[in-house]
Amino acid sequence: MFENYDPREGRLLSLLDVTGKLAPFPPGMPRLTDEQALAAYKTMVLSRQVDEWAVSLNRQGRMPTYALNKGQEANSVGALMAVRPDDWFVPAFRELGGMLARGISLKQYFLYWYGNEWANHMPVDTYHMMPISVPVGSQMLHAVGLAWAERYKGNDRIAITFMGEGASSEGEFHEACNLAGVWKAGVIIYAQNNHWSISLPWSKQSASKTLAEKAFAYGFPGIRIDGNDIFAVYSAVKLAADRARAGEGPTLIEGLTYRLGAHTTSDDPTKYRSDEEVKQWEARDPLLRLERYLIRTKHLTGEDVVREREQSLASAQAAYDEVEREPDVVVEDTFRYLYLEMPEIMQAQLERRKA
Ligand SMILES: Cc1ncc(C[n+]2csc(CCOP(=O)(O)OP(=O)(O)O)c2C)c(N)n1
């Protein structure tokens, strides 16, 4: 199937247009059902409301720096719905929707951005998720290792990892792709190409036309998809997951998307990108596209939309209030859990911090 969408020939998988109309599915293409689409919509609304509330909390002085997901929701929500709940989920830091699809609570998510180390104490056998990874690029290698380990143990579990397009400039991206190809690891590397690495555009990250085409040099397929189209995301990831589970190896998926908000609450994107560009992408908002589809197919009414937004905002507010009632964040916790035994250099840092 991937041969039909070779990025080197300028092909792109897109199924849902901006008016919410779904194209006929090519034979054999897995399809997100309408029931799943409605569930995805609810998760995306929640993700959007959480994001907007987080920015508001930051402006109120109640939330430290926060990384926004707004506009990118379809990528991780669609992807997580296309893998099994026990497949490894190895995120970067812009996969709130995927975390919600995996069943992570809002409180757990907010604890992380509040700076509480307990956010990373997640029962691994329940969520099969690695902690959020802020060091750009480091997580892809973990995913390849996990996928390979599962194969070694004779299991059919696979791994899916996320990255931004800027992370392809890191050495770890090369190392992860190279090993994944050599080992035929059951891994899906999902790059959310939101066009900007903070203020740096793709044209300054790479001379390659597409990110997806880099996969071919490592000996596995790469595909470019409309990352603001949840149907395309689901189909591509399901195909890649089936491939990985069958022992056929990795896939690199480049989801074309856009972060409609700032890089983080500390960033001002008006300094480096134009209003026209933002407007163009607002018209391709993944949430509105799905909403139009669900209204068109009578799975959703205008009243449902308002109710869903209100309930999601109320959940976000309640979850953060709960986080603020937790005992104070302990500085030592930041140091305590990285290594089984704290190396000397970290001990010295901790002493300095305490002083
Ligand atoms: C190794 C490393 N270098 C630099 C940073 C600072 N930093 C945080 S996000 C970011 C840009 C990442 O861009 P991209 O990979 O495209 O992901 P996006 O933020 O667009 O989702 C940078 C440089 C970091 N966190 N880690």
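Take the conditions in the same structural domain as Lys70 (by TED's automatic domain parsing), touching a residue at least 60 places away in the same chain (Cβ under 8 Å) and within 16 Å of the ligand (Cβ to nearest atom) and apply them to Trp202. Does it pass? Considered against the rule, which asks whether it is in the same structural domain as Lys70 (by TED's automatic domain parsing), touching a residue at least 60 places away in the same chain (Cβ under 8 Å) and within 16 Å of the ligand (Cβ to nearest atom), Trp202 comes out as no. Applying the set (1) of a type in the set (A, V, I, L, M, F, W, C); (2) surrounded by fewer than 21 Cβ atoms within 10 Å (Cβ to Cβ); (3) in contact with a Phe, Trp or Tyr (Cβ under 8 Å, 6 or more places away or on another chain) to Ala262 leaves exactly one unmet item: (3). Residues that are among the hydroxyl-bearing types (Ser, Thr, Tyr) and within 14 Å of the ligand (Cβ to nearest atom) within the range 120-156 comprise Ser133, Ser138, listed in sequence order.
Taking every residue in the range 209-237 that is closer than 16 Å to Glu3 by Cα and among the acidic types (Asp, Glu) and pairing it with any residue that is at pLDDT 95 or above and surrounded by fewer than 24 Cβ atoms within 10 Å (Cβ to Cβ), at least 6 positions away or on another chain, the pairs with Cβ-Cβ distances below 7 Å are Glu213/Arg8.
Out of all the residues in the range 76-102, which are assigned to a helix (DSSP H, G or I) and of a type in the set (D, E, K, R)? The answer is Arg102, and nothing else. Output the residues belonging to the range 26-62 that are without any contact (Cβ under 8 Å) to a residue 60 or more places away in the chain, within 18 Å of Ala82 (Cα to Cα), among the polar types (S, T, N, Q) and surrounded by fewer than 17 Cβ atoms within 10 Å (Cβ to Cβ). Matches in the range 26-62: Thr33 only.
Set side by side, the residues Leu288, Leu252 differ, and just one is in a helix (DSSP H, G or I) and within 24 Å of Tyr190 (Cβ to Cβ), which is Leu288.
Kindly check whether there is at least one residue in the range 161-177 that is within 22 Å of Tyr127 (Cα to Cα), in contact with a Leu (Cβ under 8 Å, 6 or more places away or on another chain), among the hydrophobic types (A, V, I, L, M, F, W, C) and within 16 Å of the ligand (Cβ to nearest atom). The answer is no; no qualifying residue exists. Cβ-Cβ distances below 9 Å connect no pair with a first residue in the range 264-276 that is outside the structural domain of Asn194 (by TED's automatic domain parsing), a second residue that is at pLDDT 95 or above and more than 12 Å from the ligand (Cβ to nearest atom), and a separation of six or more residues or different chains.
The values are calculated or read from the model by the stated rules, or taken from the named source; none is laboratory data. This one's a predicted model, so the numbers in the text were calculated from it and none came from an experiment. Here Cβ is always computed from backbone atoms with ideal geometry, including for glycine, and neighbour counts include all displayed protein chains.
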